[in-house]
Structure formats: structure tokens, C-alpha cells
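**Student:** I am attaching a structure below and will ask some questions about it afterwards.
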């Protein structure tokens with residue numbers, strides 16, 4: 001009996017081995033098919049996204065360039081006279097107001113955001129970190145019209161009372177609202193950049209006798225510099241392209257802002273206030289499309305700048 005069992009064992013072992021080999025091959029084949037499918041799907045998604053972005057740029061640019069059939073390049077970009085009813089389409093005042101608003105917003109938001117990120121990443125206790133970070137993530141997702149409504153109903157009355165101005169709207173009100181909007185974005189990305197700095201940088205600085213503040217501002221912040229700059233650029237992109245919150249607090253008067261409390265208008269607010277009241281095949285409409293095209297180009301260039309900084313910087317090691 002033992003002899004017959006010994007004779008039958010090898011075939012059973014070979015059959016089991018063949019079965020396991022077939023199952024392994026089938027699993028490998030399914031894995032290859034799944035990997036190939038996901039690769040092709042992701043490649044298709046990237047191509048579709050690039051194609052969609054190209055179409056947006058093409059069609060907006062195609063309409064925008066028609067502006068210069070009746071308006072000279074110099075008049076559009078250098079003139080401060082925006083009276084479309086009289087055929088004058090000077091967009092310089094909107095460009096200057098947009099840049100002024102963005103600069104004022106960053107002047108307020110960047111120091112607060114970066115200092116808050118440093119506090120969360122390096123100073124705050126663990127319980128406070130776990131409380132702050134979800135709150136900041138939540139603030140990022142709040143719709144902009146909510147910020148605009150709070151600015152309209154809460155901020156403007158406070159500014160009127162504080163400044164003694166009749167309305168209180170203008171660049172300062174818009175900058176404060178935008179600061180609240182972009183602060184969570186800059187803070188969270190800066191927090192991640194600071195947290196990603198290797199621990200050995202801190203240990204080496206402390207070993208040399210550095211104080212905590214010296215370690216933070218002379219070692220950690222410079223090491224996380226490119227990440228912080230990327231966060232600022234992303235915040236700038238949102239500040240430049242924001243519409244509804246700005247429309248509700250800036251006043252929407254097509255004039256150059258001569259003070260922080262003067263009613264003004266920027267590229268986004270001018271587009272949204274006028275685009276529905278003009279004929280499609282008109283120079284007025286083409287000029288508004290050119291403003292949108294400028295905003296699109298600025299956003300694309302800022303995002304490309306972030307990619308360049310990321311490639312040059314890399315992750316610290």
C-alpha cells in the first residue's frame with residue numbers, strides 16, 4: 001500500500017503545481033490587462049483635458065482678437081477711458097485696479113498665512129494642530145458668494161463706521177474679503193511644505209546652538225521656500241480670477257481707484273456686470289472677451305511658474 005501511495009504522490013504534486021502555475025498566470029494576465037486599461041484611461045483623460053483647455057483658449061482668444069478690428073492695441077491697453085456707448089474701450093483702468101487689488105490682498109494675506117502655517121507646523125501642540133487643519137480645509141471649500149455676502153452685510157457696515165465713508169466699498173473691502181478666501185489655501189500648502197522639511201535639518205541647527213526662532217526662520221522657512229512661493233502663487237491665481245465676492249463689495253464703478261474706499265471695478269467684475277447686456281457680434285463684447293482672455297493667460301502663466309518651481313526645487317532630502 002505504501003508503494004502505491006508513493007507511486008501516486010508525484011503525479012498529484014505535478015498536477016497541483018500546474019494548477020497553481022495556471023492560476024498565477026491568470027492573475028498576472030488580469031493584472032496586466034487592468035494596468036493597461038488604467039494606463040490608457042489616464043492617458044485619454046490627460047489628452048481630453050489638454051484638448052479641452054486648448055479649445056477654451058482658442059475660442060476665447062479667437063473672439064477676443066476681434067477687438068482690434070476697431071480698437072487699436074495701444075488704446076485698449078493704455079487708455080483709461082472706458083465708455084463703450086461712445087466707442088471708447090480703454091481697459092487700462094481695469095488692469096491697474098486688478099493688479100492693485102491683487103497686490104493689496106497679498107500684502108495682507110501672505111504674512112498672516114505664512115506665520116499661521118509656521119505656528120501650526122512648528123509651535124502648536126498636537127491637539128491644536130488636529131483642530132486647526134480640518135478647519136482650514138473646510139474654509140477652502142466654502143463658496144465664494146458666501147464670503148461676498150458676509151463682506152456685504154458685515155464688513156461694509158464696519159468699514160463705513162470706521163472710515164466715515166458713505167458706502168465703504170472699494171479696494172480695501174475687496175482685499176479683506178479675498179484675504180479671508182485665500183488665507184486657508186496659502187496656509188495649508190505652506191504648512192505641508194514646512195512639515196516636509198526633513199527632521200535632520202532641525203537637529204543639525206539645534207546641535208549648532210541655534211534657538212527655536214533661528215531654526216524656524218533661518219533653516220526651516222528657507223528650506224520650504226519653494227513650497228511657500230507656490231502657495232502664494234496659487235493664492236494670487238485665485239485672487240486675480242475671483243468674481244462674485246469682489247462684485248459684491250468693490251462698488252463696480254468703471255473708474256481708476258484713487259483711494260482704498262473709492263468705488264472701483266476690476267477685470268472680473270466688469271465682465272460679469274456687462275457681458276449679459278451686450279450684443280454678441282459687437283466690439284463691446286469682443287473687448288470683454290479680451291479681458292477674459294487676459295485673465296486666462298495670467299492664470300496659465302502662474303500655474304506654469306509653479307510647475308517650473310516644483311521641478312527646480314524637488315523634495316528636500
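**Student:** What number of residues within segment 57-87 are surrounded by 13 or more Cβ atoms within 10 Å (Cβ to Cβ) and in contact with a helix residue (DSSP H, G or I) (Cβ under 8 Å, 6 or more places away or on another chain)?
**Tutor:** 17
**Student:** What helices (runs of 4 or more DSSP H) completely inside segment 75-150 contain at least 3 residues that are within 20 Å of the chain's Cα centre (by Cα) and without any contact (Cβ under 8 Å) to a residue 60 or more places away in the chain?
**Tutor:** On the way: elements: 92-118, 126-140, 144-150.
Filter on segment 75-150 gives 92-118, 126-140.
**Student:** Does residue 158 count as in the same structural domain as residue 227 (by TED's automatic domain parsing) and farther than 23 Å from residue 231 by Cβ? Before you say what the answer is, go through the steps one by one.
**Tutor:** Details: in the same structural domain as residue 227 (by TED's automatic domain parsing): yes; farther than 23 Å from residue 231 by Cβ: yes.
Answer is yes for this residue.
**Student:** Search segment 257-281 for residues being at pLDDT 90 or above and part of a loop (DSSP other than H, G, I, E, B), and hand back the single one that is surrounded by the most Cβ atoms within 10 Å (Cβ to Cβ).
**Tutor:** 266
The values are calculated or read from the model by the stated rules, or taken from the named source; none is laboratory data. It should be emphasised that the depicted structure is a prediction, and the values quoted were computed from it without experimental measurement. In this analysis, Cβ positions are derived from the backbone assuming ideal geometry, glycine residues included, and neighbour counts consider all displayed protein chains.
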